[in-house]
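Undergrad: Attaching a single structure in structure tokens format; questions to follow.
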Amino acid sequence: MEVGASATLPGLLFTTANLHLKSGLAEGFVGYRLINCDKASLSLFAGARYSYMAGDLSIFNNGDARLAILRRLLGLRNKLDFSGSIDWVDPVIGARGKVRVWRAISLYAEGDVGGFDANSDSAFEVHRQGRTLVKTPVSSSDWSYQVQGGVEFQVTRWMWAQVGWRYLKYDFVHGGFTNKTELNGPFIQGGVNF
């Protein structure tokens, strides 16, 4: 997912800002089917969720020639650019239930929880102390959960497609980066059963 916006900033030093955010995720799971009937199934699964976030922020000069001296005194350039990215992998466990309603069409619901502060112990900053690099622990947390449900179409014996609604919440803090987002909306996805 990519989001971008521009805004006019009233002020003496800058007037325009552009912000672009990118986000992506990938999941992989292995599961065990506890109940496997003709009409219904219940599975437990475990796996991993890879998450990626990046952002670019540009703030531009307002073009007012009278303020060039003020910007120079404050040490501000005509254009300020900031960018960064971070990625992480969360362990995930969950459950999935499915009820067949007609031939190859089923209704399903799924939920998972992940993170478990697995990445929090590895958060640190590196700084130089004399000629030595020193690692200092920083506060962090790592949790996520997801619920989804919808209609599943069994395309072949091994392939399926789903249409539904998903809600995914992140609570990830790592050093100076904070991601407390909620993603919510319709989706279409496909998969393969082994």
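The values are calculated or read from the model by the stated rules, or taken from the named source; none is laboratory data. Note that this is a predicted model, so its numbers are computed, not measured. Ideal geometry is used to build each Cβ from the backbone, glycine not excepted, and the neighbour counts take in all protein chains shown.
Undergrad: Quick one: in region 55-82, which of the residues that are touching an Asp or Glu at 6+ places or on another chain (Cβ under 9 Å) and closer than 29 Å to Glu27 by Cα is modelled with the highest pLDDT?
TA: Taking the candidates together, the pick is Asp56.
Undergrad: While we're here: Taking region 18-36 on its own, how many of its residues are free of Cβ contacts under 8 Å to residues at least 24 places away in the same chain and not β-branched (Val, Ile, Thr)? It would help to see each step written out before you state the result.
TA: Applying the first criterion (free of Cβ contacts under 8 Å to residues at least 24 places away in the same chain) to region 18-36 yields 28, 30, 32-36.
Next, only the ones that are not β-branched (Val, Ile, Thr) stay: 28, 32-34, 36.
Looking only at that region, the number is 5.
Undergrad: Could you check how many residues of region 119-143 are small (Gly, Ala, Ser) and modelled with pLDDT of 70 or more? First the steps, then the outcome.
TA: Filtering region 119-143 down to residues small (Gly, Ala, Ser) leaves 120, 122-123, 130, 139-141.
Right, trim to modelled with pLDDT of 70 or more and you get 130, 141.
Residues flagged as small (Gly, Ala, Ser) and modelled with pLDDT of 70 or more within region 119-143 amount to 2.
Undergrad: Continuing with this model, one more query. Name the residues in region 136-164 that are within 22 Å of Asp90 (Cα to Cα), in a strand (DSSP E or B) and not polar (S, T, N, Q), would you? I'd like the intermediate steps shown before the answer.
TA: Step one: filter region 136-164 for residues within 22 Å of Asp90 (Cα to Cα), giving 137-149.
Subset that is in a strand (DSSP E or B): 137, 140-149.
Pro137, Asp142, Trp143, Tyr145, Val147, Gly149 - these are the residues of region 136-164 that are within 22 Å of Asp90 (Cα to Cα), in a strand (DSSP E or B) and not polar (S, T, N, Q).
Undergrad: Here is a follow-up. Report, ordered by the first and then the second residue, all pairs with beta carbons closer than 8 Å, sequence separation of six or more or different chains, a first member in region 169-183 that is on the phi > 0 side of the Ramachandran plot, and a second member that is in a loop (DSSP other than H, G, I, E, B).
TA: Gly175/Ala123; Gly175/Val138
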